[in-house]
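Data first, discussion second: the structure below is written as structure tokens.
The values are calculated or read from the model by the stated rules, or taken from the named source; none is laboratory data. As the structure is a computational prediction, the values presented were derived from the model and not from experiment. Glycine gets a Cβ as well: all are built from the backbone with ideal geometry, and neighbour counts include every protein chain shown. Note: accessible area is taken over every heavy atom of the protein model, side chains too, but ligands, DNA and RNA are not part of it. Shrake-Rupley method; radii C 1.70, N 1.55, O 1.52, S 1.80 Å.
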Amino acid sequence: MLKILVYIHAPAQTPTKGQRELLALAASLGEAAVVLGDNADDAARAGLHGAGATAFYGAVTPEQLRGELIAPAVSLLVAAVRAAGADAVLLPNTMEGREIAARAAVRLDSGVITDAVAVDQELNVTKSVLAGSYTVRARITRGPALITLKANSVQPAEAQDSGAQVPPVQTLELGESGPAARITATAPHIASGRPELSEARFVVAGGRGVDGDFGPVEDLADALGAAVGASRAATDAGWIDHSAQVGQTGVTVSPQLYISAGISGAIQQKAGMQSAKYIVAINKDPDAPIFEIADLGIIGDLASVLPQAAAEIRRRQG
Amino acid sequence: MSQKTGTPLNILVLVKHVPDVQFERHLLPNGHRLDRQDSVLSELDEYAIEAALALAESRGGEKGGNHVTALTMGPAGAANAVKKSLQMGASAGVHISDAALEGSDAGATSLVLATAIKHLGGFDVVLTGMASTDAETSLVPAQLAERLGLAQLTNLSAVELDDANIITATRMGEDGAQTLSAPLPVLISVTDQANEPRYPNFRGILAAKKKKITTLSLAELGIEASTVGTAGSGTRVLDAAPHEPRSAGEIITDSGQAGLALVDFLADAKLI
Ligand SMILES: Cc1cc2nc3c(=O)[nH]c(=O)nc-3n(C[C@H](O)[C@H](O)[C@H](O)COP(=O)(O)OP(=O)(O)OC[C@H]3O[C@@H](n4cnc5c(N)ncnc54)[C@H](O)[C@@H]3O)c2cc1C
């Protein structure tokens, strides 16, 4: 049986959907052990255990992971790979996940594959490249396989109360992890109460066409239980936080549904959303490139279409 | 490499020549390599060049003894990425070119770049873009920090350097906006939020003609061919298939009822 490590960057009271996807994939490949990127109390570990984690590795000095950028997390992961004799490590396809995988690959003299959407029993990885224009299968040819998994790629593990004893954390020394930047402050994201953008099943996104008012976009998002996204034009204008930017230099999403409102469909925007199952576009301009990839295109004013749709959804839901 | 207050900086900026994202891009049927015709300087690297020039200018620019070197690795045409950097204001260029490099993955690429950076030596700051627009893995900057033993300050949306040679920077992490601090020397990558890249002006274009681009081979760097290229890479592509491009579906014009049509569409697709 293959030994698979799952890197959990931020253990939470209940595992996130992305974390449950990683655990489900790991369990489908072999024995799934978790590397804790930060402190995890009993409840957090019980949640991960319920979602399939069979063992835990953590740092003797978790505060080091919070105080310095990336380097200590690399030391932890490398120590865990050695302690577990891991065949593969699955990490989230986030900025942090990729960076940790990148550096661990150097220390372990192995290879990394990012943006995975599937991994088979031989550890062959499927991903898409060139902004979704090709599907590629690739594999790691030496050392433990380091793979970062895109959110919304596999069916997440159900978080169950396992009833069984939650395994203890095996703590590892980080040793000298080398020069690193100090993290002197962190300003947490303001919780919106909406689903996390990268993991959301539905996304409603607004662009320059919202003209300063995200109200109609947020209202439709709330009627659908969707996350709110944006184009760079909208985030650059300061109408919404930069963390909402979808695209090449923002978040990549692959939801079931992406509603694009007042967004022209530049190549950099499409790079972040065109793997959505369904795309609905609302735009005043019949020649907007976004219509070329929309399953439903509505030529019209978002200021009237979005509120009407939100009201109709609420009416049907009674 | 200890620095005194306000002393001139020696900055290295990494640039890549990539297929233009505005056009359709292809993998070649043989070996799944990227078709590199019609390539340009990766637009995300323009932010790195701008950040390098701004740091140099904060210490008095070229006249003040600051030096910005643009380094690329790639086939013959890749020198164009260095040329554009020189036109924007970099002082000198280096191009690593060798037939054995073809097929290098991120790990092999970072090995070559790190070896070249050590060979050239003496940099206070190594700067890169947040990702290349072709492979888009973002792996190389972090791997360079690892190989060079430099503090990693990556995906920065803001960078400042004080007189005591401490970098203060901001990045959007998974947990929120992080403030970072590290003394030189450092490895930095910047996002498209960090600045507004300048365009080469006429003077810059003329001046670039007189600037030198040095070419380096693997032998000059003391790198064995077997450790790079396809042979030296820790990953291998098994197969590649073009995606059916998405096609346009139904397009309707709103005449007062399109919001209802949208909801019907969602219901038909069983989304609600
Ligand atoms: C290096 C680089 C990286 C980039 N990264 C990203 C990225 O990650 N994500 C991203 O999105 N962009 C990115 N961009 C920017 C991208 O090129 C486009 O400029 C941007 O996506 C345009 O945003 P937009 O569609 O909202 O604005 P515009 O292109 O101005 O389009 C606005 C659209 O709204 C429509 N409209 C106006 N009013 C209404 C109305 N009342 N109702 C309906 N429709 C209306 C207009 O017809 C128009 O089509 C990047 C650019 C560069 C150079």
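Residue count for region A:116-133 satisfying the condition of being open to solvent by less than 40 Å² (accessible area, probe 1.4 Å), within 11 Å of chain B (Cβ to nearest Cβ) and part of a strand (DSSP E or B): 4. Here is the figure for region A:264-274: residues that are open to solvent by 50 Å² or more (accessible area, probe 1.4 Å) and more than 9 Å from chain B (Cβ to nearest Cβ) total 1.
Looking across region A:223-254 at every residue that is open to solvent by 30 Å² or more (accessible area, probe 1.4 Å) and in contact (Cβ under 8 Å) with a residue 40 or more places away in the chain, the one that is farthest from residue B:156 (Cα to Cα) is identified as A:252.
Filtering region B:178-226 to residues that are within 14 Å of another protein chain (Cβ to nearest Cβ), closer than 22 Å to residue B:139 by Cα, open to solvent by 30 Å² or more (accessible area, probe 1.4 Å) and more than 16 Å from the ligand (Cβ to nearest atom) leaves B:179, B:185, B:226. Meeting the requirement of 3 or more residues that are touching a strand residue (DSSP E or B) at 6+ places or on another chain (Cβ under 7 Å) and aliphatic (A, V, I, L, M), the strands (runs of 3 or more DSSP E) wholly within region A:1-88 are A:2-8, A:30-36. If I go through region A:201-219 residue by residue, how many of them are open to solvent by less than 70 Å² (accessible area, probe 1.4 Å) and either outside the structural domain of residue A:266 (by TED's automatic domain parsing) or near the ligand (Cβ under 10 Å from one of its atoms) (or both)? Looking only at that region, the number is 6. Residues in region A:264-300 that are in a loop (DSSP other than H, G, I, E, B), without any contact (Cβ under 8 Å) to a residue 60 or more places away in the chain, more than 19 Å from residue A:226 (Cβ to Cβ) and among the charged types (D, E, K, R): A:285, A:287.
Scanning region B:19-39 for residues that are within 21 Å of the chain's Cα centre (by Cα) and open to solvent by less than 60 Å² (accessible area, probe 1.4 Å) yields B:19, B:20, B:21, B:25, B:27, B:34, B:35, B:39.
Checking each residue in region A:227-241 for being more than 10 Å from the ligand (Cβ to nearest atom) and at the interface with another protein chain (Cβ under 10 Å from one of its Cβ atoms) picks out only A:241. For residue A:186, the test of being closer than 24 Å to residue A:246 by Cβ and either among the β-branched types (Val, Ile, Thr) or away from the ligand (no atom under 16 Å from the Cβ) (or both) is passed. Could you tell me whether residue A:303 is in a helix (DSSP H, G or I), within 19 Å of residue B:255 (Cβ to Cβ), near the ligand (Cβ under 7 Å from one of its atoms) and at pLDDT 95 or above? Yes, satisfied.
Does at least one position in region B:75-95 carry a residue that is within 25 Å of residue B:136 (Cβ to Cβ), within 16 Å of the ligand (Cβ to nearest atom), open to solvent by less than 20 Å² (accessible area, probe 1.4 Å) and within 14 Å of another protein chain (Cβ to nearest Cβ)? No. Say whether the condition of being of a type outside the set (Ser, Thr, Tyr) and out of contact with any helix residue (DSSP H, G or I) (no Cβ under 9 Å at 6 or more places or on another chain) is met by at least one residue in region A:92-107. Yes: region A:92-107 contains one or more residues that are of a type outside the set (Ser, Thr, Tyr) and out of contact with any helix residue (DSSP H, G or I) (no Cβ under 9 Å at 6 or more places or on another chain).
Within region B:128-151, not a single residue is away from every other protein chain (no Cβ under 12 Å) and hydrophobic (A, V, I, L, M, F, W, C).
Report, by residue number, each residue of region A:276-299 that is facing another protein chain (nearest Cβ under 9 Å), buried (at least 22 other Cβ atoms within 10 Å of the Cβ) and not hydrophobic (A, V, I, L, M, F, W, C). The one that is facing another protein chain (nearest Cβ under 9 Å), buried (at least 22 other Cβ atoms within 10 Å of the Cβ) and not hydrophobic (A, V, I, L, M, F, W, C): A:297.
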